[in-house]
Amino acid sequence: MNSTTPLAIGEQQHVRFAEGLGLDCGVTLAPVDIAYRTYGTLSEKRDNAILICHAFTGDQYVAEEHPLTGKPGWWSRMVGPGKPIDTNRFFVICSNVLGGCMGSTGPRSTRTDAQGNGTELWGTAFPPITIRDMVRAQHKLVRALGIEKLFAVIGGSMGGMQVLEWTVTYPQMMLAAMPIATAPFHSAQNIAFNEVGRQAIIADPDWRGGRYWADDVVPARGLAVARMMGHITYLSEEALTRKFGRRMRRGPVGGQGPEGPVSMFSDIFEVESYLRYQGSTFVRRFDANSYLSITRAMDWFDIAADHDGELTHAFAGTPVRFCVVSFSSDWLFPTSAARTLVRALNRAAANVSFVEIETDKGHDAFLLEEPDFDRTVRGFLCGVAEHAGLA
Ligand SMILES: CC(=O)SCCNC(=O)CCNC(=O)[C@H](O)C(C)(C)COP(=O)(O)OP(=O)(O)OC[C@H]1O[C@@H](n2cnc3c(N)ncnc32)[C@H](O)[C@@H]1OP(=O)(O)O
Ligand SMILES: N[C@@H](CCO)C(=O)O
């Protein structure tokens, strides 16, 4: 098969675990639904599966048209026949995270009793979840698909947190790990940004104590502002300058625009218009209570805290092969955080390589065209496959 082979998309999309899932907070969440997509074919030996973990607002539509936005999958560039994560060779799984809003159990799911009856949504009564809870849910899915060992677990940003959690919780269940644009703990600055986003949502009168769905409204303004602020952190000063500089859509205050006098409240600069657009399109595809729940899960993430405060202990004796990737202009999950991780892995005598990609695109560079990054992903997977004797 070659790169023109049509993408083989699996039929399965959804699995329900009636017994539920024990969460870090002590609650058993039941039932638990996991929505997922698969691409490619599982080998007879079941040894070619790659789990892709999505970032904060991503979902399972990694390599196919998104059902709400109509846009290509968020990693269509990376996943497919002949692509760096080659579906001619690998069987790719991607599931919507626990707490998400694209089919997996989350605040927007109906809360059911033991008999499966229910009409109310979870909303803010949804129990607090952690990155480890997300990974436990993925682990159930992987086992339900009949896979005992994953070839690799790969993900960027919050997806990278899940990759790291996989390596410490289920190290025997995976050959390789590729944590991208991530960190072993969420920094004070990142928690601070998340808190601003949460407060923007909560301050919106349409949030209604988290019960907005009961009144058939959404806190659109708060959620859009949260995304606008978050989106700035996903880019870089250089990228914003390159894209927009100080370009204006409308003349100076007091002048005349196409719709009349220019108000100081208009989107005068192109960059403002861009952010407003990013905010408004986000509201159409994401749930505000999921935003609250998932940002908290990220804030709690701290691998060392669960291992006597020593990151090295988390990886002691790990059999996993790591390739850690960072991007030079990423100030949200900077290269320094990746180095902290790599140093701990080295001290644990882990098998680790580290690549910093030179780019001005900021944190979201992992979602964009970056030939060096593509080569890194392809090279690492090919190397591990050869070493493991994968056909
Ligand atoms: C890993 C995961 O799980 S995926 C996570 C979920 N998905 C995302 O986060 C994707 C959403 N994020 C993005 O699209 C990010 O902007 C990026 C950085 C990844 C994409 O970057 P780029 O491809 O360079 O797109 P860019 O940031 O320029 O945005 C383009 C959009 O802005 C619009 N736009 C550009 N300039 C302006 C402007 N001045 N005013 C209004 N709109 C504008 C474009 O029309 C385009 O709209 P479209 O998406 O409807 O086609
Ligand atoms: N832009 C991506 C990455 C953020 O970390 C997202 O929204 O999920």
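Rounded to whole numbers, the Karplus 3J(HN,Hα) couplings from phi for the stretch 17-26 are 9, 5, 6, x, 9, x, 9, 4, 6, x Hz, using 6.51 cos²θ - 1.76 cosθ + 1.60 with θ = phi - 60°, and x at Gly and Pro.
Nearest 0.05, what FRET efficiency do S328 and I191 give at R0 = 25 Å with Cβ-Cβ as r? Calculated value: 0.60. Across all directions, the average projected area of the convex hull around the alpha carbons of the stretch 140-215 is 7.5 nm². Using a probe of 1.4 angstrom and keeping all protein chains present, the accessible surface of the chain works out to 43 square angstrom per residue.
At a Cα cut-off below 22 Å, give the lysines reachable from K45, other chains included and same-chain residues fewer than 8 away excluded. Within the straight-line cut-off, K45 pairs with K140, K149. By accessible area, using a 1.4 Å probe on protein heavy atoms only, the stretch 191-294 has 59% of its surface on carbon and sulfur. The separation of the stretch 325-391 from the stretch 212-291, counted between C-alpha centres, amounts to 32 Å.
Distances between placed amide hydrogens fall under 5 Å for V217 paired with no residue 5 or more residues away or on another chain.
Each residue, A316 and M229, gets one label point 7 Å from its Cα in the Cβ direction; the gap between the two is 4.0 nm.
Remark: the stretch 34-41, residue by residue, has Karplus-estimated 3J(HN,Hα) of 10, 9, 8, 9, 10, 9, x, 10 Hz, where x stands for each Gly or Pro and the curve is 6.51 cos²θ - 1.76 cosθ + 1.60 at θ = phi - 60°. Residues whose amide H lies under 5 Å from that of L121, counting only those 5 or more places away or on a different chain, are R111; hydrogens are built 1.01 Å from N in the peptide plane. This model, with +1 at the C-beta of Lys and Arg and -1 at the C-beta of Asp and Glu, gives the chain a dipole about its Cα centre of some 320 debye. Under 5 Å from the amide H of T87 lie the amide H atoms of G80, G82, each residue being 5 or more positions distant or on a separate chain, with H modelled from the backbone and absent for Pro and chain starts. Per-residue extension of 0.36 nm, minus the Cα-Cα distance of A18 and R246, leaves a gain of 76.6 nm for this segment. Applying the Kirkwood pairwise sum to the alpha-carbon positions of the chain produces a hydrodynamic radius of 21.9 angstrom. For the stretch 39-74, GluC sites (Glu not before Pro) meeting the loop criterion (DSSP other than H, G, I, E, B) and having at most 15 other Cβ atoms within 10 Å: E44, E65.
Considering only DSSP beta bridges where both residues belong to the chain, give the percentage that are antiparallel (nearest 5). List each step's numbers first, then the result.
Details: 16 of 42 bridges.
Of those bridges, close to 40 percent are antiparallel.
Charge tally around A350: other residues with Cβ under 13 Å, Lys/Arg +1 each, Asp/Glu -1 each, net +3. Within the assembled protein chains, the solvent-accessible surface assigned to F380 is about 30 Å², based on a 1.4 Å probe.
The values are calculated or read from the model by the stated rules, or taken from the named source; none is laboratory data. Note that the structure is a prediction, hence the values are computed from the model and not measured. Cβ: placed from backbone, ideal geometry, glycine included. Neighbour counts: every protein chain shown. Areas reflect the complete protein model, heavy atoms only, side chains present, ligands, DNA and RNA absent. Shrake-Rupley method; radii C 1.70, N 1.55, O 1.52, S 1.80 Å.
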